[in-house]
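Everything on this sheet refers to the single structure shown next.
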2 protein chains.
Amino acid sequence: MSAKEIPYKIYLEESEMPKDWYNVRAHMKNKPAPLLNPGTHKPMTFEELQPVFCDELVKQELDDTTAYIPIPEEIRNFYKMYRPSPLVRAYCLEEKLQTPAKIYYKFEGNNTSGSHKLNSAIAQAYYARKQGLKGVTTETGAGQWGTALSMACAYLGLDCRVYMVKVSYEQKPFRREVMRTYGASVTPSPSETTQVGRKILERHPGTTGSLGCAISEAVEAATSREGYRYVLGSVLNQVLLHQSVIGLEAKTAMDKYDIKPDIIIGCAGGGSNLGGLISPFMGEKLRGEQDYHFIAVEPASCPSLTRGRFAYDFCDTGMVCPLAKMYTLGSGFIPSANHAGGLRYHGMSPVLSQLYDDGLMEARTVEQTAVFEAAQQFARVEGILPAPESSHAIRVAIDEAMKCKETGEEKTILFGLTGTGYFDMVAYEKYNNGEMADYIPTDAELQAGFDGLPVVE
Amino acid sequence: MSAKEIPYKIYLEESEMPKDWYNVRAHMKNKPAPLLNPGTHKPMTFEELQPVFCDELVKQELDDTTAYIPIPEEIRNFYKMYRPSPLVRAYCLEEKLQTPAKIYYKFEGNNTSGSHKLNSAIAQAYYARKQGLKGVTTETGAGQWGTALSMACAYLGLDCRVYMVKVSYEQKPFRREVMRTYGASVTPSPSETTQVGRKILERHPGTTGSLGCAISEAVEAATSREGYRYVLGSVLNQVLLHQSVIGLEAKTAMDKYDIKPDIIIGCAGGGSNLGGLISPFMGEKLRGEQDYHFIAVEPASCPSLTRGRFAYDFCDTGMVCPLAKMYTLGSGFIPSANHAGGLRYHGMSPVLSQLYDDGLMEARTVEQTAVFEAAQQFARVEGILPAPESSHAIRVAIDEAMKCKETGEEKTILFGLTGTGYFDMVAYEKYNNGEMADYIPTDAELQAGFDGLPVVE
């Protein structure tokens, strides 16, 4: 540790912001397995992916050798509107916990989309625009991704069509209105507007939808319409690439003050935040330059890394998407209705799945009442009301800091604070009223999900 | 203008943050009129104010000669958690408008309270704590102030009791839950918990409350309970003093890049933001060092500066508070039910009222559909979804920028972006659905308010 005084918040100068994204795949010995064509089970080619994603994004998706990919100037200019995001020293939390640990968090909630999702949304929208497309389609669950994409599309003058999981559409009308304010059209999914939506409604009338369904609808909406492509806010390699801006900024800020994190913690749903935060640090570990202890935190109610299978699986319910090799609970898995917030996707990013399988990081589950307890404690001392997703990381950061208190170790902890919880007050209300419950799926319930896994030779 | 390249956001170093608040009254030739005892109509003394406010805050309220008042170190440390706030160059808005004007905004929404209110909340809570009090009481309407105060009290371990205007309590359950998450108790006002509340309910059964009622209840709750004091988020001299941190930071940031604003614009309800933003600039104008064009923007539905009387009036409905000389619509005035957002207080800060009466600033009204139009336009290009209150300033900033487009003038415009609109999506939904209406009170309606003004010799 340096003797330099560490400010509450470390902001980088615009000139210190990254000019390239970092592609961690380039330094992985075991590359993530390729996407497979769901019919032939052969690796998806550029040409096969082209009708779904923009050309440039397909290239990024398939590129596992180029370590640094330049961030186009237009995207860097947009980043400047809300980045660099602050790296905050949690002095107040440390004092509250009376821990010798030094806690830092990279705060990605200081833009109106309210989360880190904007980092990839603007990139994907930019490439769509550059290719001369009219618009993009996507799905959203808790709403962070849809909000971010709407904002990015508004900025670039692209049409944006969001399929929003029906239960969220109804329970989160304000999220919906934010997207509409940014000019997006928002359709509750499953809907009558797509073949796959109609099929799902026929089979499951009255269903409140799932991310898997909404993905199927959004993909169909893109591929059946001239000038549209599909975009996704997590899981994909390209998303982790764009999100590496989080880790790159964090690393530059820490290097500036000679701070070396011992433990790096991120919440993990599809992996967009965790992958982005850890990428440059993981790169050092892969190249043998430095060691870090990485911890992925997932909800006990949706435990893809800790209790899932590492296997090829469908990315969507309608089974129209390519197969991805990932830790998965099966494409039919839907977390219990009492699960609040995001982190509800059945699978995990293939990059993170491979890194986890190679023993390069730890994964841990936490239950949601413990998560909201940490969220409330954090809010009261740090003055930021965190998103439920982010609070998974807070929970484990506090747990690790309390271990340091027992052992007297002065570990440096870095975690990703991905966003704010302004749109999650229904969940906070439940917690405030003592009405929040935990849920851990039984082995039998998980088995039902595994039974639906495709057989891939 | 300097040749230095202006970044999107100008952040100050922690070392550049103000160490003193600036008290604009010290440089006013015509001082704001003193608060009067509602019974004797004599100026309120320190001893008379002591049961209502903390000692140190009474001193600040009465001090119209000390120009710089040191910010205690503990408050400066809290400020560091979310300040300095960014001064943003609205490059994207300028481009969208194709205006030669240079537009800057000081963004105060990047803390979880979501607005500038925290600047005074932490100061008032700090002095209460220092005096060894148990807690504070207050009122809140749209909820920004209650949220900020709850956060400040949570941080300092003070009890916080909020009387929330009943209609907001019911229509903004999420605001309520944020306050509860920070540990505050929230009571819908008028309530049965106070004498004045019971009296109002008896006279007006079924009333949905007003700021004036909630103030009366909060004052009674403080003065009838051992170890409590009342705190207020606007109007008072002390609040403008604390909020001067906004203007001081803005001025330091602009000076750093040799930028001189021609026009400075702020929304005005009770005056907390406008007063804070303009204070140091107004000081220069009062001392004859520099000239600026100040514009106060208020809703057409609550036009205290533009259509009110400059007279002594009650600050609350229950008439238990001191009288203040201010531009007022009468303490019985309640804006039309279709009015969205805050800026609904019947009077204006005595400091700003005096400055306005002395011809030192302009005031302008805007109608709410035009305000939301500006809000949406701003959100789409600048990536921040603004609070309805702040959007009043955006409206006039855009209007002024468009005038520059006509004349070709390269004016520099600075406006205060006081907060985010996350909790105002019901109003945005109305606007998005084309269901928002405007309302301008008739002269007869205003006359009813003026008829209730007290007679003060």
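At a glance:
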read-out: Förster radius 22 Å - calculated FRET efficiency between A:VAL167 and A:MET319, Cβ distance, rounded to 0.05; value: 0.55
read-out: Dipole magnitude of the protein assembly as shown about its Cα centre (Cβ charges: Lys, Arg +1; Asp, Glu -1), debye to nearest 20; value: 20 debye
read-out: Cβ-Cβ FRET estimate between B:ASP55 and B:GLU5, R0 fixed at 41 Å, reported to 0.05; value: 0.25
read-out: Label-point separation in nm, A:THR65 to B:GLN131, each point 7 Å along Cα→Cβ; value: 7.3 nm
read-out: Full-extension gain in nm, B:GLU73 to B:GLU409, via 0.36 nm per residue minus C-alpha separation; value: 116.6 nm
read-out: Given A:LYS80/B:LYS430; A:LYS59/B:LYS96; A:LYS59/A:LYS172; A:LYS134/A:LYS172; A:LYS96/A:LYS260, the pairs whose alpha carbons are separated by over 25 Å; value: A:LYS80/B:LYS430; A:LYS59/B:LYS96; A:LYS59/A:LYS172; A:LYS134/A:LYS172
read-out: Listed residue (A:CYS92, A:ALA33, A:GLY233) projecting farthest to the positive dipole end of chain A, Cβ model; value: A:GLY233
read-out: Residue-span extension gain [B:TYR439 to B:GLU47] - 0.36 nm each, minus C-alpha spacing; value: 136.8 nm
read-out: Kirkwood hydrodynamic radius (C-alpha pairs) into Stokes-Einstein, the stretch A:278-405, 10 °C and 1.306 mPa s, D in µm²/s; value: 100 µm²/s
read-out: 7 Å along Cα→Cβ, label-point gaps from A:ALA26 to other copies, nm, shortest first; value: 5.6
read-out: 4 °C / 1.567 mPa s Stokes-Einstein diffusion coefficient of the stretch B:170-249, Kirkwood radius on C-alpha pairs, µm²/s; value: 89 µm²/s
read-out: Solvent accessible area, Å² - B:ILE215, 1.4 Å probe, full protein context; value: 10 Å²
read-out: D_trans [Stokes-Einstein, Kirkwood Rh over alpha-carbon pairs] for chain B, 20 °C, 1.002 mPa s, µm² s⁻¹; value: 98 µm²/s
read-out: Inter-copy separations for A:TYR68, label at 7 Å along Cα-Cβ, nm, ascending; value: 4.5
read-out: Cβ-vector label at 7 Å, B:LYS260, separations to other copies in nm; value: 5.2
read-out: Check: the stretch A:158-202 dipole with +1 on Lys, Arg Cβ and -1 on Asp, Glu Cβ, in debye; value: 100 debye
read-out: Rg in Å to one decimal, and Dmax rounded to a whole Å, for the stretch B:125-193 via C-alpha atoms; value: 11.5, 36
read-out: Lys, Arg +1 and Asp, Glu -1 on Cβ, resulting dipole of the stretch B:74-150 about Cα centre, debye, nearest 20; value: 280 debye
read-out: Ordering of A:10-16, B:240-246 by packing [mean C-beta count within 10 Å, highest first]; value: B:240-246, A:10-16
read-out: Contour minus Cα-Cα distance for B:LYS260 and B:SER15 (0.36 nm per residue); value: 86.0 nm
read-out: Per residue accessible area of the protein assembly as shown, 1.4 Å probe, in Å²; value: 34 Å²
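The values are calculated or read from the model by the stated rules, or taken from the named source; none is laboratory data. Note that the coordinates shown come from a computational prediction; the quantities given were computed from them, not determined experimentally. We place every Cβ from the backbone using ideal geometry, glycine too, and count neighbours over all the protein chains shown. Areas reflect the complete protein model, heavy atoms only, side chains present, ligands, DNA and RNA absent. Shrake-Rupley method; radii C 1.70, N 1.55, O 1.52, S 1.80 Å.
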